[in-house]
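Trainee: Okay, handing you the structure first.
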Amino acid sequence: MKNMSVVIPAYNEEKSICRVAETINEVLNKENIPFDIVFVNDGSKDSTWQEICKLSKEKSYVNGVCFSRNFGKESAIFAGLQYAKGDCVVVMDADLQHPPEILIQMYNLWLQGYEVIEGIKSSRGKESLIYKLGAKSFYKIISSATGINMSTSSDFKLMDRKVINTIIELPERHMFFRAISSWVGYKATSVEFEVQERFEGKSKWSFLSLVKYAIRNITSFSTAPMQIVTGCGIIFFFFAIIIGVRAIYQYIVGSALGGFTTVILLLLIIGAVTMLSLGIIGYYISKIYEEVKRRPRYIISKTAGEKTEK
Ligand code: UDP
Ligand code: MG
């Protein structure tokens, strides 16, 4: 029978580790699906790593890798994919917001020959209005840039070994996992799931970290912001021509004075657009800089369990 690896990124999840492992064990054991779990401790400040170590000694299916510091969820997922040994790999959250029962549906679809099985949120769960609005515009930009409908997508997905091997070969440092699984292609399908309440603790995302996440992922997946800048440039160029012609005309007919408001407004608008454009271009350059440094995506300080020995 084919083996499933479950990759779980965990940041300050000490209370959830045991519970999530047990629930997965219960669900998959009932169906006799052979599996193992790879926890990736993303530099937690609580005793998440101690929990993982303890569990890995008790249960042979539990493995763990520990980052030297917090590298972010995307890096944790990536490390998990690199360490996972299964014929198929599922990524899910530690907080049980992704219901483990769905794993069986995913596994069966995989047996039918699908290579990527996306978990689609049937509703977006309980989120604040501002979060919903932000998420909506973020996914709109991403969707138009990538041609992939992402509004209900999540990091909860199953991938075949082939797909995993393709993804871990990709050289970029900043990977937007949610979009990359559809970017690589392969035979894909999806299953719907209801987002559950967080099992314990609270979400690790602050408003600022979400904004950063959005900007980072939009720029790592598309150059649309730079094209918008070019568009603005073209529009302003036409305005400049019109106003320039008018100014020359006024000079010739001798009514050149006045128009102070126009000057101030133009100065402000052009100044703002220039600064914004420089900012966007600068952001892309800083990303190029980060990529060319070729630093590792993460640093592992410790591992636990049999399957994580390389
Ligand atoms: N997570 C992580 N590193 C981080 C932040 C989060 O590995 O820097 C993990 C976290 O432990 C959880 C998953 O990513 O397993 C989703 O995080 P969270 O529940 O905070 O996000 P939300 O469900 O609110 O999107
Ligand atoms: Mg969560």
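Each value in this text was obtained by applying a stated rule to the coordinates, not by laboratory testing. Quick caveat: nothing in here was measured; it's all calculated off a predicted structure. Ideal geometry is used to build each Cβ from the backbone, glycine not excepted, and the neighbour counts take in all protein chains shown.
Trainee: In the chain, what percentage of the DSSP-assigned beta bridges are antiparallel, given to the nearest 5?
Mentor: Values: 12 of 34 bridges.
Close to 35 percent.
Trainee: Could you tell me which trypsin sites (Lys or Arg not before Pro) in the range 199-299 are loop residues by DSSP with no more than 12 other beta carbons within 10 angstrom of their beta carbon? Walk me through the numbers before you get to the answer.
Mentor: On the way: sites: Lys202, Lys204, Lys212, Arg216, Arg246, Lys287, Lys293, Arg294, Arg297; in loops: Lys202, Lys204, Arg294, Arg297.
The qualifying sites are Lys202, Arg294.
Trainee: Quick check: residue separation of Asn32 and Thr230 times 0.36 nm, minus the Cα distance between them. What number comes out in nm? Don't skip to the answer; put the middle values down first.
Mentor: Values: separation 198, 0.36 × 198 = 71.28 nm, distance 5.70 nm.
Length difference between fully extended and current span is 65.6 nm.
Trainee: Divide by every residue of the chain the summed helix terms, -39500 (n - 2.57) for each DSSP H run of at least 4, and state the resulting mean residue ellipticity at 222 nm, rounded to the nearest 500 deg cm²/dmol.
Mentor: Values: 10 runs with 159 residues, N = 310.
So the helix-based figure for the chain works out to -17000 deg cm²/dmol.
Trainee: How big is the Cα convex hull of the range 224-293 in projection, averaged over all directions, in nm²?
Mentor: Values: hull surface 22.0 nm².
Mean projected area of the Cα convex hull: 5.5 nm².
Trainee: To the nearest whole percent, what portion of all C-alpha pairs in the chain is separated by more than 25 angstrom?
Mentor: Numbers: 26858 of 47895 pairs.
Across the chain, Cα pairs with separations above 25 Å total 56 percent.
Trainee: Still on this structure: Report the net charge of residues surrounding Asn29, where surrounding means a beta-carbon distance below 15 angstrom and charges are Lys +1, Arg +1, Asp -1, Glu -1.
Mentor: Values: positive: Lys30, Lys59; negative: Glu22, Glu26, Glu31, Asp36, Glu101.
Overall, the nearby charge balance is -3.
Trainee: How far apart, in nm, are two points set 7 Å out from the Cα along the Cα-to-Cβ line at Glu101 and at Ser222?
Mentor: 3.6 nm
Trainee: Now for a separate question. Only helices at least 18 Å long along their axis, Cα-based, and averaging 0.0 or more on Kyte-Doolittle count here, so list those DSSP H runs from the chain.
Mentor: On the way: long enough: 17-30 (20 Å, 0.17); 129-146 (25 Å, 0.54); 207-221 (21 Å, 0.85); 224-253 (44 Å, 1.73); 260-293 (49 Å, 1.46).
Helices passing the filter in the chain: 17-30, 129-146, 207-221, 224-253, 260-293.
Trainee: Any chance you could check the Cα centroid distance between the range 13-65 and the range 254-309 for me, in angstrom?
Mentor: 39 Å
Trainee: Once you charge only the Cβ atoms, +1 for Lys and Arg and -1 for Asp and Glu, what is the size of the charge dipole of the chain about its Cα centre, to the nearest 20 debye?
Mentor: Values: 37 positive and 30 negative charges, 173 e Å.
Charge dipole of the chain: 840 debye, to the nearest 20.
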